[in-house]
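Below is one structure, written out as structure tokens, with a few remarks after it.
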Amino acid sequence: MDMQTSFLDRLFDAGLLIDTGVDGLYGRSGQFEDVIAAFERLIDKVGGGDGAEAMRFPPGMNRAFFETSGYMKSFPQLAGTVHSFCGGELDHMNLLKCMEVGEEDWTKDQKATDIVLTPAACYPLYPTVARRGNLPAGGALFDLQSYCFRHEPSKDPARQQLFRMREYVCMGTEQHVTDFRQSWMDRGVAMMKVVGLDVTIDIANDPFFGRAGKMMVNNQRDQNLKFELLIPINSAANPTACMSFNYHQDSFGTKWGLNLEDGSVAHTACVGFGLERIALALFHTHGLDVKDWPEHVRAALWG
Amino acid sequence: MNETIRELLGRVGGLPVAVTDITDEADLYAAGLSSFASVQVMLAIEEAFDIEFPDSLLNRKSFASIAAIEATVAQIIKSREAA
């Protein structure tokens, strides 16, 4: 039997995830949410003292900002745009007829709105910070969390289309932001150890699109721009990325006009937690009933 | 070949400086070549020389300078002739 399907079925059977009929789009039980809330409190405990400014955006972002971000250059296959009916009464009648007959695609005349589904929690942040003017001396640190969308239907419960990402984003000098990234790599490993998860850190392999994407991924690897913290969920041979540590050099600074106090271009870095993946790793490692989890893990999460 | 590469670089490289001001050995990334622009240069070179970059050469080093691009293209043409 397919191991991935079987873990997903066990999650459905236990009521932790709720089937919606679409692969990668699931409801969550109260228990599942409680694990995510507990892990977020652990993140707060570790990172809360750094003085990050918290911002929460809805899971949709300004389409103009999305276009500037360049996401379509790298991951057109993952993006999700929001379209709506914008016609008049006659168009409405035709739409209903089309839906009733079911022969034609009723969505073909839907028009793009100004909203695009957020692909990563930090995307709405950069233009927001740029509007404020130069960064304060010593740089800036932000705390974000959002549902994110990626169009990649799968039976792997660790590859959902709508999932939450918690992020810290650091802006400052190259030294400042790379130190930030290194400190979170150390913290991430220590946090996962506290909750009883086996981890490895490796260079990331993002699914850049097409042959041009092959070059982007090679560049990313050659320059050590992105690391991932991997935890076995579906297979020990192919562990799942549950955290990522990204150094953007000055590319976001240049793109968005993020400048330091002296006017030079800011470097940026971000650390992301895949909250559903971490919860799934906990359920997979310690069992589907949290009452059976080791005492030290329960204490770390709910103590 | 050098001339063609320079012409393509000027057309799709999106450089903030004139290609004529760049020496063969100069660091193109330092001159302002973005990683996305380097992909466009790669695709333009493939079309112009009727070649295909193997995965192993799709990296930053292959596009680090005009000389590096020239050497990479020469290597691809040579391996194709040998095949």
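The values are calculated or read from the model by the stated rules, or taken from the named source; none is laboratory data. Source: prediction; values computed, not measured. Glycine also receives a Cβ, built like all others from the backbone with ideal geometry; neighbour counts cover every protein chain displayed.
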Seminar exercise, completed: With criteria (1) surrounded by 21 or more Cβ atoms within 10 Å (Cβ to Cβ); (2) assigned to a helix (DSSP H, G or I), A:Q175 comes up short on (1)
Seminar exercise, completed: Looking across segment A:273-301 at residues that are of a type outside the set (A, V, I, L, M) and touching a Lys or Arg at 6+ places or on another chain (Cβ under 7 Å), the single one that is surrounded by the most Cβ atoms within 10 Å (Cβ to Cβ) is A:F273
Exercise. Which of the residues belonging to segment A:191-209 are within 14 Å of chain B (Cβ to nearest Cβ) and of a type outside the set (A, V, I, L, M)?
Worked result: A:N205, A:D206, A:F208, A:F209
Exercise. Does segment A:51-65 contain at least one residue that is of a type in the set (D, E, K, R), closer than 26 Å to A:F209 by Cβ, out of contact with any Leu (no Cβ under 8 Å at 6 or more places or on another chain) and away from chain B (no Cβ under 14 Å)?
Worked result: yes
Seminar exercise, completed: Counting only strands (runs of 3 or more DSSP E) wholly inside segment A:65-168, the ones holding at least 2 residues that are over 22 Å from A:A269 (Cα atoms) are A:81-84, A:111-117
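Matching residues to (1) farther than 20 Å from A:H151 by Cα; (2) modelled with pLDDT of 95 or more; (3) touching a Lys or Arg at 6+ places or on another chain (Cβ under 8 Å):
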residue: A:T81; (1), (2), (3): no, yes, yes
residue: A:S84; (1), (2), (3): no, yes, yes
residue: A:N94; (1), (2), (3): yes, no, no
residue: A:K97; (1), (2), (3): yes, no, no
residue: A:V101; (1), (2), (3): yes, no, no
residue: A:D105; (1), (2), (3): no, no, no
residue: A:T113; (1), (2), (3): no, yes, yes
residue: A:P119; (1), (2), (3): no, yes, yes
residue: A:Y123; (1), (2), (3): no, yes, no
For this session: Go through A:A212, A:A241 for me and flag whichever is part of a helix (DSSP H, G or I) and either within 14 Å of chain B (Cβ to nearest Cβ) or under 16 Å from the mean Cα position of the chain (by Cα) (or both).
Result: A:A212
For this session: Output the helices (runs of 4 or more DSSP H) that fall wholly within chain B and possess 2 or more residues being within 19 Å of A:R211 (Cα to Cα), under 11 Å from the mean Cα position of the chain (by Cα) and within 14 Å of chain A (Cβ to nearest Cβ), or say none.
Result: B:35-49, B:66-82
For this session: Out of A:M216, A:M165, A:M185, report the one residue that is out of contact with any His (no Cβ under 7 Å at 6 or more places or on another chain), assigned by TED's automatic domain parsing to the domain that holds A:G287 and over 27 Å from A:D50 (Cβ atoms).
Result: A:M216
Problem set entry | Hits in segment A:43-64 (condition: part of a helix (DSSP H, G or I) and either surrounded by fewer than 17 Cβ atoms within 10 Å (Cβ to Cβ) or of a type in the set (K, R) (or both)) | A:D44, A:K45, A:V46, A:G48, A:G49, A:D50, A:R63, A:A64
